[in-house]
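The values are calculated or read from the model by the stated rules, or taken from the named source; none is laboratory data. These figures come from a predicted structure and were not determined experimentally. We place every Cβ from the backbone using ideal geometry, glycine too, and count neighbours over all the protein chains shown. Calculation scope for accessible area: heavy atoms of the full protein, side chains included, ligands and nucleic acids excluded. Shrake-Rupley method; radii C 1.70, N 1.55, O 1.52, S 1.80 Å.
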Amino acid sequence: VLISGRGSNLQAVIDACEKGDITARVAVVISDKADAYGLERAKKHNIPAAVFEPGKFKDKNTYELEIVKVLKQHHAGLVCLAGYMRIVGDVLLEHFRGKIMNIHPALLPAFPGLHVQKAALDHGVKIAGATVHFVDEGCDTGPIILQAAVPVREDDTEETLSARILEEEHKIYPRAVKLFAEGKLKIEGRRVRIT
């Protein structure tokens, strides 16, 4: 699991694995920030962790090669981006194509990128939500695995909407990981078939 911050989706996946809901385990947690709280979560559950700060590498390829090396050392079969705030580059994609998932706090393809709850509120949408998708070369453009809808209330703020969307993220991300672990996801072009 790759993180940049507090790691609440990481925790949802850890919990699902520990309960036996997912027949897999979190092999390693990698952060691009040394102060990410998700590293504490990994430590608490005795999960190996590593920090790779991009600024300490000569370029993105070198940075991602180090991540790939650690993922392979830990025999990772799936890479989960959980609040990882970087665009995945060619190196990670080359080594894990079709095996990288991301969780995004909007109903893609609407509102890719950052500050999506503000964008949703500014556009006056009535339904917001969350999406789990496979990662490709674009920003939040990969094939969609699961989505959850969240009604937007008249009095919603960025914070209140974000909190309700996050609750749904914590449900659908472990579900998507479970489907992958059970071999039930098949990418067919833009679609992900659930068998």
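Some notes on this structure:
- What the phi angles of region 20-34 give under the Karplus curve with 6.51, -1.76 and 1.60, with θ = phi - 60°, is a coupling list of x, 5, 10, 8, 7, 9, 7, 7, 7, 10, 10, 10, 8, 9, 5 Hz, glycine and proline written as x.
- Taken along its three principal axes, the alpha carbon spread of the chain comes to 48, 39, 34 Å, from the longest extent down to the shortest.
- Spin-label pair residue 163/residue 74, simplified geometry with 7 Å Cα→Cβ offset, distance in nm: 3.1 nm
- Each 5 Å bin from zero up to the one holding the largest Cα-Cα distance in region 93-170 carries the following percent of pairs: 3, 17, 29, 22, 15, 8, 4, 2, 0.
- Cross-link partners of residue 58 among aspartates and glutamates, defined as those whose alpha carbon lies under 17 angstrom from its own and excluding same-chain residues fewer than eight positions apart: 32, 66, 90.
- Applying a threshold of 18 Å to the alpha-carbon distances of 44/72; 33/118; 43/72; 99/184; 60/186 flags 44/72; 33/118; 43/72; 60/186 as lying beyond it.
- Amide H contacts of residue 145 (H built 1.01 Å from N, under 5 Å, at least 5 apart or other chain): 132, 133, 134
- Mean accessible surface per residue for the chain, computed with a 1.4 Å probe while every protein chain stays in place, in Å²: 52 Å²
- Karplus-derived HN-Hα couplings along region 96-112 (A = 6.51, B = -1.76, C = 1.60, θ = phi - 60°), whole Hz, x at Gly and Pro: 10, 4, x, 10, 10, 10, 9, 10, 10, x, 7, 8, 4, x, 6, 6, x
- Applying 1/(1 + (r/R0)^6) with R0 = 22 Å to the Cβ-Cβ distance of residue 27 and residue 137 gives a FRET efficiency near 0.30.
- Integer Hz, Karplus 6.51/-1.76/1.60 couplings in order for region 148-163, x for Gly and Pro: 9, 8, 10, x, 8, 8, 4, 9, 5, 10, 3, 5, 5, 5, 4, 5
- Nonlocal amide H pairs with residue 33, under 5 Å, H built at 1.01 Å: 52
- Protection proxy ranking, peptides 30-36, 187-193, 20-26, average beta carbon neighbours within 10 Å, highest first: 30-36, 20-26, 187-193
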